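Novice: Okay, here's the structure, questions in a sec.
The values are calculated or read from the model by the stated rules, or taken from the named source; none is laboratory data. Everything numeric here is computed off the predicted structure, so don't read it as measured data. All Cβ positions, even for glycine, are placed from backbone atoms using ideal geometry, and neighbour counts span all protein chains on display. What goes into the accessible areas is simple: the full protein's heavy atoms, side chains included, and nothing from ligands, DNA or RNA. Shrake-Rupley method; radii C 1.70, N 1.55, O 1.52, S 1.80 Å.
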Amino acid sequence: MTAEHRAVAGPGSRAGSAPAVDAADGPLLRVEDLRIHFPVRDRVRQTLLGTVKAVDGVSFDLHQGETLGVVGETGSGKSTLARGILMLRRPTTGRVFFAGQDLTAMDAETLRRARRQFQMVFQDPWGSLDPRMSVMDIVAEPLKAHGLAKGEELARQVVDLLQMCGLAARDAGKFPHEFSGGQRQRVGIARALALRPRLVVADEPVSALDVSVQAQILNLLRDLQRELGLQYVFISHDLRVVRYVSNTVAVMYLGKIVERSERHALFSLPLHPYSKALLSASLDTDLGEASAEEALRPAARGDLPSPLSPPSGCRFRTRCPIAIDLCAQAEPPLEEKSPGRFVACHLVPAGAGTPDLAAHAAHSGPRLQTPPEGQARGPALA
Amino acid sequence: MPHWLSSVLGELRRDRLATAAVTIVMTYLLAALLAPWIAPGDPNSQDVVGRLQGPFWDQGGALAHPLGTDALGQDLLSRVIYGARASLLIGFLVVLVAGTFGTVLGVVAGYRGGRTDQIISRITDIQTAFPGLLLALTILAVIGPGETNLVIVFAINGWMVYCRTARSQTLSIREQPYIEAARAAGSRQRTIIFGHIIPNLASTLVTLATLELARIILAESVLSFLGVGVQTPSVSWGLMIADAETYMTTNPWLTFVPGAALAVLVLAMNVVASWVRTIADPVQRSRESIARA
Amino acid sequence: MPDPTTNPGANPTANAVVNPATGRAPLLSVEGLRTEFPTRAGVFKAVNGVSFIIDRGETLGIVGESGSGKSVSALSLVRLVAPPGRVVGGRVMFEGQDLLAASDKELRRVRGGRIGFVFQDPMTSLNPLMTVGDQLEETLRLHLGLKGAAARGRAVELLKHVEIPAAESRVRAYPYEFSGGMCQRVMIAIAIACNPALLVADEPTTALDVTIQGQILALIKDLQRELSMALLLITHDLGVIAHMTQRTAVMYAGRIVETGPTSALLGRSLHAYTRSLMLCRPTASDTTSRLLTIPGQPPNLAQELHGCPFAPRCPMAEAACTERDPELLELAASHTSACIVAQRDGLSAVVDRLPAGGGSLAGSAR
């Protein structure tokens, strides 16, 4: 954790020492060792069955002008992370600093007021809009909650927001069920932007939409980012989407970030075996050199382990094609293996992913069949 | 709200059964409200000479008393109209008191959860476990019969169903993404409860209240029939049926008229209840009207 | 360029259904299938004159967005459309039998017997109150008359076949004890229990994680080969289509707008809709330019449509497109398109007019 933290925060900053980040030139968002655990109880007897560590020690910084893409599958904790960042779920431990302010230390009313600065776009365009409210009332809700506008001014602002998100003024009088999925998602975006936030956390904002509509929403989100100077944390299971919108990408597996790096570096040369598996499992229309059949062959074996009892050591080891004994014994820390490339894997050597290596590996293809260069050297790390 | 009204009327026009039911219920309501003006006579004015007259189409009937007279020579039509007053007033009061109390407790239990929920739920369970009629008879025996006391007894007996429904609905609404969205927007708890949870409970609760209204009106008749409900000189359908008991074989219309008035109203209310359920929910409404994809 | 008017393969109303490529009767031939849902707003034409054939052992993909009628088409084959929807026209010949004219009893034998089904959501397609073994055995009893130990034995065998570890003990497990991927394996086991000639897979991996998706698709491919099944794969995902199918039909607004060999269809689309779908997807090579979008909404299928259903959203649309209903014509070898502009201007019309934004469409990296 120390190595990881140093890497995240950079030299000189120290967790715990009050205001760790200066509001002016520090990161907009700093997440420090965030943990969100849920007790799981037997439904009948109410006895404790165990604890799901949905988010288990996540740290990162998000700077002005940056978009962090968080990618992972079911059970990776990416949606819980989104809620933790926004304090919609109180973290078990760990801290979240927004513009230098510790959100975890705020009382309810202070936090409520602080919410102006950070908003959320939800996955489900059908469930996230109250079916009984008109679009006007839905988009006006945050403005009213913070007492920012009233009467005609409120109505004018709502119409502006709708138009900014590609809807028409006359849509304000309609109800959610009168819209298609893509239009509803636009309403959700208008609501999130009503307060002119600096940070928007988008949890799978296009997963429920058809491909052609996805493109519209992705374009909209990008346009708005440029126009309004927004920072996004963009959560998705879809690598293509994450690649399109983010500068930095974090790959999550069972509550932990296993790899975090600049987008191009990660997609051209993923270092963690799980990142590789994810990347090779994403089916593109461009088959490349591999045959269609070959590309289907599972890159990660078996099923996701139960989040109630994750594997010891490295959590991916049960499905990892290159796991060694060490992986079961020690949990690999998220370390900076080469500049800007954070990987939590015993078998990725320091220096992996540097540009010349990257060029070489991109050529030979990032498929899992070729074990990483560091495999032989792996045990030496122990 | 004209848009709202026109859309409801539009829905109504599509459904003939609902139109008929709503018309019937409205007629009863009007009759109850306007009883002093539309009833042909005083429901309590007795005429021993003209007692037990049949309805006008029957032998010995006359248009002066269109539905005939009872054993004391009181005009049956006037009594039925005034009877609607007592029945509907008691029904509405009970629904209002029990419904408000039960809903508030249910929403609090569902939204707060934890210990609050456990305590409220246990009280509801205990109250539900009491046999309703027995409890009503006992209380009325102690505090005495009468309209006010009937309302109290029915309210004590009737709030649990609202509480349970409101609680379970709140539990599911609380988990809806739009509630999370409201929290993320910075809405206060008060806004979330009154602006999101209660409006989304409304259609279920209105349906429930309509059914309960019909049930209370029936129960009022039963208790009045048993002599612990509405007391003479007040008029109620249950009381009328009780008075007519002796004449059941010789003058059957004395039982039939208040009985039919009661049956038609309860039936109509049940139809209205199921119709309300579909129109009060915009999603349901659209499911019915918008082409399915 | 072939002359579309004289091409025999493009005529879907030929009397004897013979695959022009093989000269034999195909396993399944669908002609002019129409399915409608009566609604208050009018008759919703979910499937509007769909025709296709599948040979023994072949894989046909049907791709389209929600509301395109792809799933309803599949359900219509065996008259499984939920009321009030009903199949109002067309002919479905399967192994020499007209399924739309068959009795309910005959159809029940076909469903789950000669034609196996796998649906999108494995969790809700299984009965939560029955063990997976019992659900498998039910199919075996219904279609093959297997009972008792024989059925149990076969059930275990089937679970092994779909690569469920420890099949002997897991046959007694309930669906909730299985992950999504495992549930889908059970669904596949049920679907192949009677050695069907055709497997219909409707979005079989849409509800699954991407690392599980590959496993399930690979399993379907393996089973298809082993059991010599034909596969009708319905999906919205062009990536899945590219990896799984030899031939693909693209559906839009209840009609097939393009069919062809998958690689040709994706590489050199002959319909503007197919091409637009391709260009909507974020690609690996280009992460800076705006994505192409398809403006507007699909048409309301409860209303009468004139001309090409895609014309109102089509960047290539001309006056001619709305004047007459387009026909599906063969423009290249086994490659048909209902695009009026492509039919007139030739094979490169669509790709030329809708070039990939900011460079080549086919990315080089990964």
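Novice: Taking the Cα centre of the stretch C:23-245 as origin and charging only Cβ (+1 Lys, Arg; -1 Asp, Glu), how large is the dipole, in debye to the nearest 20? Walk me through the numbers on the way to the answer.
Specialist: On the way: 24 positive and 23 negative charges, 127 e Å.
So the dipole magnitude of the stretch C:23-245 works out to roughly 600 debye.
Novice: When the convex hull of the C-alpha atoms of the stretch B:73-265 is computed, what volume per residue in Å³ does it have? Numbers along the way, then the final one.
Specialist: On the way: hull volume 24.0 nm³, N = 193.
Enclosed volume per residue, from the Cα hull, is 124 Å³.
Novice: Sticking with this structure for a sec: Obtain the nm distance between the two label points defined at C:Lys105 and B:Val49 by a simple spin-label model: each point lies 7 Å from its Cα along the Cα-to-C-beta direction.
Specialist: 8.0 nm
Novice: To continue, here is another question. Please state the charge dipole magnitude for the stretch B:73-265, taken about the Cα centre, from unit charges on C-beta atoms (+1 on K and R, -1 on D and E), reported in debye and rounded to the nearest 20.
Specialist: Values: 12 positive and 10 negative charges, 173 e Å.
Charge dipole of the stretch B:73-265: 820 debye, to the nearest 20.
Novice: Next up: Inside 10 Å of the C-beta atoms of A:186-197, what's the mean count of C-beta atoms belonging to other chains? Each step should come with its number before you reach the end.
Specialist: Numbers: counts 0, 0, 3, 0, 0, 4, 3, 0, 1, 2, 0, 0.
That average works out to 1.
Novice: Karplus couplings for the stretch A:339-351 from phi (6.51 cos²θ - 1.76 cosθ + 1.60, θ = phi - 60°), rounded to Hz, Gly and Pro as x?
Specialist: Once rounded to whole Hz, the list reads x, x, 10, 9, 9, 10, 8, 5, 9, 9, x, 4, x.
Novice: Here is a follow-up. Only four residue types carry charge here, +1 at the Cβ of Lys and Arg and -1 at the Cβ of Asp and Glu. Report the dipole size of the stretch A:222-266 about the Cα centre in Debye, rounded to the nearest 20.
Specialist: Values: 7 positive and 5 negative charges, 18 e Å.
Charge dipole of the stretch A:222-266: 80 debye, to the nearest 20.
Novice: In addition: On the principal axes of its Cα set, how long, how wide and how thick is the protein assembly as shown? Give whole Å, largest value first.
Specialist: Principal-axis extents of the protein assembly as shown (Cα, largest first): 116, 84, 68 Å.
Novice: Right, another one. Can you classify the stretch C:56-95 as rounded, prolate or oblate using the Cα gyration tensor, where a ≥ b ≥ c are the square roots of its eigenvalues, rounded means a/c under 1.5, and otherwise it's prolate if a/b beats b/c and oblate if not? Write down the numbers at each step before the final one.
Specialist: Working: a/c = 2.41, a/b = 1.17, b/c = 2.07.
The shape class here is oblate.
Novice: Then there's this: Would you mind giving the mean number of other chain beta-carbons within 10 Å of the Cβ of each residue in A:130-141, as a whole number? Present the calculation step by step, with values, prior to reporting the outcome.
Specialist: Numbers: counts 12, 9, 12, 7, 1, 0, 0, 1, 4, 1, 0, 10.
Average neighbour count from other chains, rounded to a whole number: 5.
Novice: Could you work out [θ]222 nm for the protein assembly as shown from helices alone, using -39500 (n - 2.57) per DSSP H run of at least four and dividing by all its residues? Round to the nearest 500 deg cm²/dmol. Numbers along the way, then the final one.
Specialist: Numbers: 39 runs with 448 residues, N = 1041.
It comes out at -13000 deg cm²/dmol, rounded to the nearest 500.
Novice: Right, next: Over the stretch B:73-265, what percent of the accessible surface lies on carbon and sulfur atoms, probe 1.4 Å?
Specialist: Details: 5620 of 8280 Å².
Accessible surface attributable to carbon and sulfur in the stretch B:73-265 totals 68 percent.
Novice: Classify the stretch B:85-132: rounded, prolate or oblate, from the alpha-carbon gyration tensor (a ≥ b ≥ c, eigenvalue square roots; a/c under 1.5 rounded; otherwise prolate if a/b is larger than b/c)? List each step's numbers first, then the result.
Specialist: Values: a/c = 6.20, a/b = 1.85, b/c = 3.36.
Because a/c hits 1.5 or more and a/b fails to exceed b/c, the stretch B:85-132 counts as oblate.
Novice: Using per-residue counts of other Cβ atoms within 10 Å, averaged over each peptide, order C:229-235, C:145-151 from highest down. Before the final figure, lay out each step's value.
Specialist: Details: C:229-235: 24.4, C:145-151: 12.9.
Listed from highest to lowest mean packing, they are C:229-235, C:145-151.
Novice: Leaving out ligands and nucleic acids, and using a 1.4 Å probe, what accessible area per residue does the stretch C:23-245 come to in Å²? Don't skip to the end; give the middle numbers.
Specialist: On the way: 8260 Å² over 223 residues.
That works out to 37 Å² for each residue.
Novice: For the pairs A:Lys144/A:Lys174; A:Lys174/C:Lys70; A:Lys53/A:Lys256; C:Lys45/C:Lys70, note any where the Cα-Cα span goes beyond 21 Å.
Specialist: A:Lys174/C:Lys70
Novice: Can you tell me which of C:160-172, C:330-342 comes out highest on packing, and rank the rest after it, using the mean Cβ neighbours within 10 Å? Show your work: numbers first, answer last.
Specialist: Numbers: C:160-172: 15.8, C:330-342: 22.0.
Packing proxy ranking, top to bottom: C:330-342, C:160-172.
Novice: Continuing with this model, one more query. Per residue of the stretch C:46-61, what does 6.51 cos²θ - 1.76 cosθ + 1.60 with θ = phi - 60° give for ³J(HN,Hα)? Whole Hz please, x for Gly and Pro, Karplus curve as stated.
Specialist: In residue order, the calculated couplings are 5, 10, 10, x, 9, 10, 6, 10, 10, 7, 4, x, 8, 10, 10, x Hz.
Novice: In the stretch C:23-245, carbon and sulfur make up what percent of the accessible area (probe 1.4 Å)?
Specialist: 52 percent
Novice: Just need the relative contact order of chain C here, percent rounded to a whole number, with Cα pairs under 8 Å and 6+ apart.
Specialist: The normalised contact order for chain C reaches 20 percent.
Novice: Total Å² of accessible surface buried at the C-A contact, 1.4 Å probe, nearest 100? Can you show the working numbers first?
Specialist: Numbers: alone 17010 and 18030 Å², together 31110 Å².
Summed over both sides, the interface buries about 3900 Å².
Novice: Which residues' amide hydrogens lie under 5 Å from the amide hydrogen of C:Leu231, considering only partners 5 or more residues apart or on another chain, with H built in the peptide plane?
Specialist: HN-HN under 5 Å from C:Leu231: C:Glu58, C:Thr59, C:Leu60, C:Leu199.
Novice: In Å², and per residue, what accessible area does the stretch C:308-349 have when probed at 1.4 Å with the other protein chains present? Let's see the in-between values first.
Specialist: Working: 1760 Å² over 42 residues.
With the other protein chains kept in place, the stretch C:308-349 gives 42 Å² per residue.
Novice: Going by a ≥ b ≥ c, the root eigenvalues of the Cα gyration tensor, does the stretch C:23-245 fall in the rounded group (a/c under 1.5), the prolate group (a/b larger than b/c) or the oblate group?
Specialist: Values: a/c = 1.60, a/b = 1.47, b/c = 1.09.
Judged from the Cα gyration tensor, the stretch C:23-245 comes out prolate (a/c at least 1.5, a/b above b/c).
Novice: Same structure, new question: Please find the FRET efficiency linking A:Thr47 to A:Glu109, where r is the Cβ-Cβ separation and R0 is fixed at 51 Å, and quote it to the nearest 0.05. Display every interim value, and only then the final one.
Specialist: Values: r = 37 Å, r/R0 = 0.72.
Computed FRET efficiency for A:Thr47 and A:Glu109: 0.90.
Novice: Also, I was wondering about something else. For the stretch A:208-282 and the stretch B:181-201, what is the separation of their Cα centres, given in Å?
Specialist: 32 Å
Novice: Sticking with this structure for a sec: So, in Å, what gap is there between the alpha-carbon centers of the stretch A:124-202 and the stretch B:241-283?
Specialist: Centre-to-centre (Cα) distance: 47 Å.
Novice: Helix check for chain B. Which DSSP H runs span at least 27 Å along their own axis by Cα, with a mean Kyte-Doolittle hydropathy no less than -1.0? Can you show the working numbers first?
Specialist: Numbers: long enough: B:76-112 (53 Å, 1.52); B:147-174 (39 Å, 0.38); B:198-225 (39 Å, 1.34); B:253-279 (38 Å, 1.65).
Qualifying helices: B:76-112, B:147-174, B:198-225, B:253-279.
Novice: Which whole-number value in Å² is the accessible area per residue of the stretch B:73-265, probe 1.4 Å? Walk me through the intermediate numbers first.
Specialist: On the way: 8280 Å² over 193 residues.
Counting only protein heavy atoms, the per-residue value for the stretch B:73-265 is 43 Å².
Novice: Still on this structure, please answer the following. What list of ³J(HN,Hα) values in whole Hz, one per residue of the stretch C:214-224 in order, does the Karplus curve 6.51 cos²θ - 1.76 cosθ + 1.60 (θ = phi - 60°) give from phi, with Gly and Pro shown as x?
Specialist: Calculated HN-Hα couplings, in order: x, 4, 5, 5, 5, 4, 4, 4, 4, 5, 4 Hz.
Novice: Based on the mean of other beta carbon atoms within 10 Å per residue, what is the order of A:340-352, C:251-263, most packed first? Don't skip to the answer; put the middle values down first.
Specialist: Working: A:340-352: 22.6, C:251-263: 24.2.
Output ranking for A:340-352, C:251-263: C:251-263, A:340-352.
Novice: List every residue whose amide H lies under 5 Å from the amide H of A:Leu271, counting only residues 5 or more places away in sequence or on a different chain, with H placed 1.01 Å from N in the peptide plane.
Specialist: Amide H neighbours of A:Leu271: none.
Novice: Next question. Which residues' amide hydrogens lie under 5 Å from the amide hydrogen of C:Leu27, considering only partners 5 or more residues apart or on another chain, with H built in the peptide plane?
Specialist: So C:Leu27 has HN proximity to C:Ile54, C:Asp55, C:Arg56.
Novice: Enter the mean number of other protein chain beta carbons within 10 Å of the beta carbon of each residue in B:190-200, as an integer. Intermediate results must be reported in sequence, preceding the final value.
Specialist: On the way: counts 0, 3, 2, 0, 0, 7, 4, 1, 1, 4, 4.
Mean number of neighbouring Cβ atoms from other chains: 2.
Novice: Between the stretch C:220-266 and the stretch B:14-76, what's the alpha-carbon centroid distance in Å?
Specialist: 73 Å
Novice: By a straight-distance test (C-alpha under 22 Å), which lysines pair with C:Lys160 as possible cross-link partners, with residues fewer than eight away in the same chain excluded?
Specialist: C:Lys147, C:Lys221
Novice: Ignoring ligands, DNA and RNA and using a 1.4 Å probe, state the total buried accessible area between B and A in Å², rounded to the nearest 100.
Specialist: Working: alone 16030 and 18030 Å², together 32040 Å².
Between B and A, the summed buried area is about 2000 Å².
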